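Chemist: First the structure, then my questions, so here it is.
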Amino acid sequence: MDWQTSEDTVPSAPVTEADARMLLGRPPATGAWRDGDPAGDRRFAAFGAFRTEGGHELPGFRLAFETWGELNADRDNAVLVLHALTGDSHVRGPATPGHATSGWWDDIVGPSAPIDTDEWFVVAPNMLGGCQGSTGPASIAPDGYEWASRFPYLTIRDQVAAQARLADALGIDTWAAVVGGSMGGMHALEWAVGLPDRVSRVGILSAPPVNTADQIALNSVQLEAIHIDPRFQRGEYYDAADGDGPHRGLALARRMALLNYRSPTELNQRFQRSWQSSVSPLGHGGRFAVESYIDFHGNRFTRRFDANAYIRLVEAMNSHDIGRERGGVEDALARVSAKALVLGIDSDRLFPIDGQHRIARGIPGALDGDRAVVISSDFGHDGFLIETTAVGTHLRRLLAS
């Protein structure tokens with residue numbers, strides 16, 4: 001549940017005039033990738049009928065994914081990298097007409113990088129329900145119209161089941177490693193618990209064992225921000241003209257989320273009480289710099305994401321409980337047979353470090369025993385994306401185990 005793009009996963013800074021010019025023009029009704037748009041580096045895999053945990057059925061679905069490196073003859077060097085809530089398959093590489101942003105983990109995945117693509121075959125899918133090439137609410141249903149509000153509720157387990165179908169299609173029986181952060185860490189944990197025979201190593205970064213009541217509450221106000229936007233039209237907005245979609249509600253949801261991704265220390269140190277311009281915010285119509293900062297990023301987000309997809313993916317996060325129907329969290333974690341790196345950020349106020357410690361205590365093969373690796377960072381939850389030197393050191397250790 002993080003920024004998950006390289007432009008966003010940098011230390012916060014005041015918005016410049018050049019930044020503001022990026023958002024000139026009316027935002028589209030949806031920022032989703034649509035059929036007919038440039039594919040960029042995406043590959044696509046199509047599958048047949050898919051039944052969700054809730055009993056709904058998709059007659060077929062597609063996953064967009066990207067790969068780096070080469071699968072070896074034994075097919076045992078494949079690493080699955082899983083993105084967070086608002087991410088996609090573009091782990092590395094420049095922004096292009098097919099990719100609105102540059103790679104979100106360029107420093108982690110690549111030649112000679114911690115996940116070295118000269119050694120490992122890296123696969124990164126856009127999750128089911130997303131909006132960057134995989135089937136989701138903005139995709140066209142069999143009747144020729146967008147799924148929109150008809151797109152079914154998904155769980156984390158549903159999304160992992162779809163990823164397992166992709167692994168089958170690629171001929172990968174067992175992943176050398178499955179690595180993910182935040183929502184991607186939920187997926188990685190679900191892989192290790194639900195499909196233990198298919199995972200040799202697992203990296204669980206800044207993710208909890210369950211989505212708590214506090215986290216669900218934080219999510220609920222974001223979803224309500226979208227629902228109450230009059231231009232949301234109960235999810236039926238895809239024919240709207242530029243500027244007439246639910247961009248205000250989606251931007252507000254993003255602004256709310258941002259406050260959970262960053263730490264008070266970073267925001268206070270970066271912005272203090274500075275003004276955005278020479279106009280005073282003290283009754284004279286000006287703005288504090290931090291107000292402009294979160295507003296800018298909320299508005300930019302609407303140009304690369306879809307409101308319906310945001311709702312379905314946040315709902316999927318709310319479904320996360322690794323112990324559901326497995327005898328509880330500890331019984332579920334005991335099923336993990338993979339070597340496990342469990343890592344958290346000390347300033348994370350979205351998924352606090354006690355959740356990662358609980359995961360580490362419960363996994364028999366945790367690399368560091370019953371305590372998670374703790375990275376000290378001022379960047380809060382997004383530290384797992386920003387502190388790439390420290391994170392990379394521990395991922396190298398995992399892959400060497």
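Chemist: Relative contact order (percent) for region 46-134, with alpha-carbon contacts under 8 angstrom and 6 or more residues of separation? Provide the component values of the computation, followed by the final result.
Modeler: Numbers: 154 pairs, mean separation 31.3, N = 89.
Worked out over region 46-134, it gives 35 percent.
Chemist: Over all directions, average the projected area of the Cα convex hull of region 291-401 and note it in nm².
Modeler: Numbers: hull surface 35.4 nm².
Averaging across all directions leaves 8.8 nm² for the Cα convex hull.
Chemist: Give the relative contact order (percent, whole number) for the chain; include only Cα pairs under 8 Å separated by 6+ residues.
Modeler: 21
Chemist: Could you sort 199-211, 53-65, 70-82, 311-323 so that the peptide with the highest average Cβ count within 10 Å comes first and the rest follow in order? Numbers along the way, then the final one.
Modeler: Working: 199-211: 26.5, 53-65: 16.4, 70-82: 18.2, 311-323: 21.6.
Ranked from most to least packed, the peptides come out as 199-211, 311-323, 70-82, 53-65.
Chemist: Same structure, new question: With every protein chain present, what is the per residue accessible area of the chain (1.4 Å probe, Å²)? It would help to have the intermediate numbers written out before the result.
Modeler: Working: 15500 Å² over 401 residues.
Per residue, the chain has an accessible area of 39 Å².
Chemist: Could you pull the Rg and Dmax for region 64-221, using just the Cα atoms, both in Å?
Modeler: Every Cα atom of region 64-221 included, Rg and Dmax give 15.9, 49 Å.
Chemist: Using modelled amide H (1.01 Å from N, peptide plane; none on Pro or chain starts), what sits under 5 Å from the amide H of Val202, excluding residues fewer than 5 places away?
Modeler: Those qualifying (amide H under 5 Å, at least 5 residues apart or on another chain) are Val178, Lys339, Ala340, Leu341.
Chemist: Calculate log10 I(q)/I(0) of the chain for q = 0.08, 0.11 Å⁻¹, where I(q) comes from the Debye formula with a single equal point scatterer on each Cα and nothing for solvent.
Modeler: Here the Debye-derived log intensity ratios amount to -0.39, -0.76.
Chemist: Using helices alone, I'd like the mean residue ellipticity at 222 nm for the chain: each DSSP H run of four-plus residues gives -39500 (n - 2.57), total over residue count, nearest 500.
Modeler: Numbers: 12 runs with 127 residues, N = 401.
Using -39500 (n - 2.57) per qualifying helix, the result is -9500 deg cm²/dmol.
Chemist: So for Tyr310, Tyr153, Tyr145, what's the accessible-area order with a 1.4 Å probe, most first? Don't skip to the end; give the middle numbers.
Modeler: Details: Tyr310 0, Tyr153 100, Tyr145 150 Å².
Correct descending sequence by accessible area is Tyr145, Tyr153, Tyr310.
Chemist: Report the equivalent ellipsoid semi-axes for region 193-264 in whole Å, largest first, defined as the square roots of five times the eigenvalues of the gyration tensor built from alpha carbon atoms.
Modeler: Details: eigenvalues 213, 61, 29 Å².
Values for region 193-264, descending: 33, 17, 12 Å.
Chemist: Whenever you get a sec, compute what percent of the accessible area on the chain sits on carbon and sulfur atoms (1.4 Å probe). Write down the numbers at each step before the final one.
Modeler: Details: 7670 of 15500 Å².
Here carbon and sulfur together make up 49 percent of the probe-accessible area.
The values are calculated or read from the model by the stated rules, or taken from the named source; none is laboratory data. Keep in mind that this is a model prediction, so the values were computed, not measured. For neighbour counting, all protein chains shown are included, and Cβ atoms are generated from backbone atoms with ideal geometry for every residue, glycine included. These area figures cover heavy atoms from the full protein model, side chains too; ligands, DNA and RNA do not enter into them. Shrake-Rupley method; radii C 1.70, N 1.55, O 1.52, S 1.80 Å.
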